[in-house]
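Chemist: Please read through the structure below; I'll follow up with questions.
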Amino acid sequence: MKPASLRSVRTLAGAWIALVALAAIPQSGTALPLPRESRSVGTGVKRGAAATAAEKTAAEKSPVLAAMEAELERSMGVLTNTRKADPPAYFIGYAVTDQTRVEVMGSNGALLNSQETKSRYLQVQVRVGSHELDNTRKVGERDRFGFGGAVAVPIEDDVPVLRRMIWLQTDREYREAAEALIQIRTGKEVKAETAETQAPDFSKEKPQTYFGPQASFRIERNPWEERVRAYTRMFRGSAAVLNSIVTFSAVAENEYQANSDGTRLQFGQTRYRLELQVQGKAEDGMDINRYANFDWTDAAGAPDDAAVTSQIKQLIGETEKLRVAPLVEPFAGPVMLTGRAAAVFFHEVFGHRAEGHRQKDVNEGQTFARKVGEQILPAFLSIDDDPTTKRVGKQDLLGHYPYDDEGLQAQRVPLVEKGVLRNFLMSRSPLVGFPNSNGHGRRQVGYNPVARQGNLIVRSEKKITNAELRQALIAEIKKQDKPFGLVIDDIAGGFTNTARGLPQAFQVQPLVVYKVYADGRPDELVRGVDIGGTPLVSLTKIAATGDTPEVFNGYCGAESGWVPVSAVAPAMLITEMEVQKKETSTDKPPILPHPSHDPVKGVRP
């Protein structure tokens, strides 16, 4: 996935799965086309998802949830009756996502837009058959994931109107489910079963009940409009900056869930973000992209002008240096990843391959499907996925959530303990030996939930300071008799392929890379770098880690759309990693100089 613009990404079996870190992705819509790209992935304060008794009674039931409950009772009374519905439904679930979004965007000293929008979407799931085999089963090439049929509903709490919308969508989903089950039963008779596909289609779970307070905010856009103008105006002082965009966004999202198991949930989350994007271009046409972001969940946590100004100056300086930096040549040798880069590395190389549904899909590579209990990492490394963690140090984590999109409480999942694979991320799609969800069924509105990462956290028992890790890199360069090694200092994101029949490869896209020489020469900034490899080999090449965890906040695109995620890891020394040339543009820089920097005809910035 290129940092500055989305190119088409297939996200079904046989697809690249992308993690990006540029521009906020809106989390509402019905079977929407892929939205604008987003950016931004610890020992911190932890707070579990379990609510106290006081919290559970802190909020009244919303009229939205009341409408869902009433229609659910009516639908189950008819669609589970074998005399009225053939085949009968055994599960019905309703989810309504309500979102208020404020966005202020500016470029080069002027506003591009300033708006506040409100939306509400309904998603209905009807399952027919049984927990063992139902209408979601993948048989042959029939895809069991994808769009989930979300529809826009009124933003007003008008119960009769909401019930009408729920009624119509339930009828539509039941008809599609009944037809699908007929096709699945026919197809299953002629398809060979494997150990992985013998697992049930849907897990049996205990119902959850939680009525939380509504997430909301009151934002005056005028002060943010002035700040955005001022921030983008600063970029005009550099002739290396072709374009700059600053975006402030605030999102208050409220989720309502009711299903026939008895789950009744209402909860909300509020997120704020400030993003700084810079675009430049080298003389050979290669695009130069730099980016920084600030994320916070409390209105009082906004960065001050001094912090933003400092970050802007750093982005300008890096853009100017990268514009004239030399290109790197293909290379295989020792590489040091800073914490953010290591976090993306683990998200792509390990995280996606630990998602439960990939173990039962015969079209997937199933890298770790039969490796539970085996050593897959150096013994000093352990990995958890913990969406109950809200922040690391002072940094909020995007992958935090209290309940997943199937109504299950978020849980910490120990995936790897001392290098040994112990678990998978599970939705309500069971595996043999893993019959239940662990609260990781996630989706973008308009898609069906599957097992996805939340907060992937890498822990190390072989820690040295980052300065010592750098010295270990130099020692490894000498040991291998290499001309240099690399330090990957900042990163845009990455993507991976998990499909059977295609290379089980990953790619991570660095933005700031330095050559490090063993003979004492100064580090050299280079550009045009992509790093890649295959998981089973790359994971075994980790030699040591730093002692300071770092956070990468981003948005991950896969079968169930784009979801916010975080990855946390310390810096790492990898004894061998392959570096390849980055895809580049052939468009040269503008012929005329920037109008603000033309010595003859220009105007002052």
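Every number in this text was worked out from the coordinates using simple rules, so none of it is lab data. Worth saying up front: this structure is predicted, and the values here are computed from it rather than measured. Every residue, glycine as well, gets a Cβ built from its backbone with ideal geometry; the counts of neighbours run over all protein chains shown.
Chemist: Can you tell me the equivalent ellipsoid semi-axes for region 201-317? Use √(5λ) from the Cα gyration tensor, largest first, whole Å.
Modeler: Working: eigenvalues 335, 76, 20 Å².
Square roots of five times the eigenvalues give 41, 19, 10 Å.
Chemist: Report P(r) for region 297-390: all Cα-Cα distances, bin width 5 Å, range 0 to the bin holding the largest distance, values in whole percent.
Modeler: Taking every Cα pair in region 297-390, the percentages come to 2, 8, 10, 14, 15, 13, 11, 11, 10, 5, 0.
Chemist: Same structure again: Could you tell me what a quarter of the Cα convex hull surface of region 417-557 works out to, in nm² with one decimal place? Intermediate results must be reported in sequence, preceding the final value.
Modeler: Details: hull surface 45.6 nm².
With every direction weighted equally, the projected area is 11.4 nm².
Chemist: Taking every Cα atom in region 387-447, find the radius of gyration and the maximum pairwise distance Dmax, and write them in Å.
Modeler: Cα radius of gyration and Dmax of region 387-447 are 13.1, 40 Å respectively.
Chemist: Among 338-349, 206-217, 101-112, 419-430, how do they line up from the highest to the lowest mean number of other beta-carbon atoms within 10 Å? Before the final figure, lay out the partial values.
Modeler: Numbers: 338-349: 26.8, 206-217: 15.3, 101-112: 18.3, 419-430: 22.2.
Order by mean packing, descending: 338-349, 419-430, 101-112, 206-217.
Chemist: Continuing with the same structure: Which of the peptides 538-548, 586-596 is most tightly packed, and how do the rest follow, going by the mean number of other Cβ atoms within 10 Å of each residue?
Modeler: Values: 538-548: 19.7, 586-596: 11.2.
Result, highest mean first: 538-548, 586-596.
Chemist: How high is the relative contact order of region 405-472, in percent, counting Cα pairs under 8 Å that sit 6 or more residues apart?
Modeler: Working: 81 pairs, mean separation 17.5, N = 68.
Result for region 405-472 is 26 percent.
Chemist: Taking the Cβ of each residue in M577, M234 as the centre, tally the other Cβ atoms inside 10 Å and list the residues starting with the fewest. Write out the running numbers ahead of the final one.
Modeler: Numbers: M577 23, M234 20.
Fewest-to-most Cβ neighbours within 10 Å comes out as M234, M577.
Chemist: Could you bin all the Cα-Cα distances of region 349-480 into 10 Å bins starting at 0 and give me the percent of pairs in each, rounded to whole numbers?
Modeler: Histogram of Cα-Cα distances, whole percents per bin: 12, 36, 31, 14, 6, 0.
Chemist: When the Cα atoms of region 242-375 are enclosed in a convex hull and the volume is divided per residue, what value in Å³ results? Present the calculation step by step, with values, prior to reporting the outcome.
Modeler: Values: hull volume 32.5 nm³, N = 134.
Normalising the Cα hull of region 242-375 by residue number yields 243 Å³.
Chemist: For region 202-308, what is the relative contact order in percent, using Cα pairs closer than 8 Å and at least 6 residues apart in sequence? Could the numbers behind the result be given before it?
Modeler: On the way: 166 pairs, mean separation 28.4, N = 107.
For region 202-308, the relative contact order is 27 percent.
Chemist: Translational diffusion coefficient of region 152-266 at 37 °C, 0.692 mPa s, Stokes-Einstein with Kirkwood Rh over Cα pairs, in µm²/s as a whole number.
Modeler: Working: Rh = 20.8 Å.
Once the numbers are plugged in, D ends up at 158 µm²/s.
Chemist: Just need log10 I(q)/I(0) for region 364-405 at q = 0.20, 0.27, 0.28 Å⁻¹, Debye formula, equal scatterers on the alpha-carbon atoms, no solvent, rounded to two decimals.
Modeler: -0.85, -0.91, -0.94
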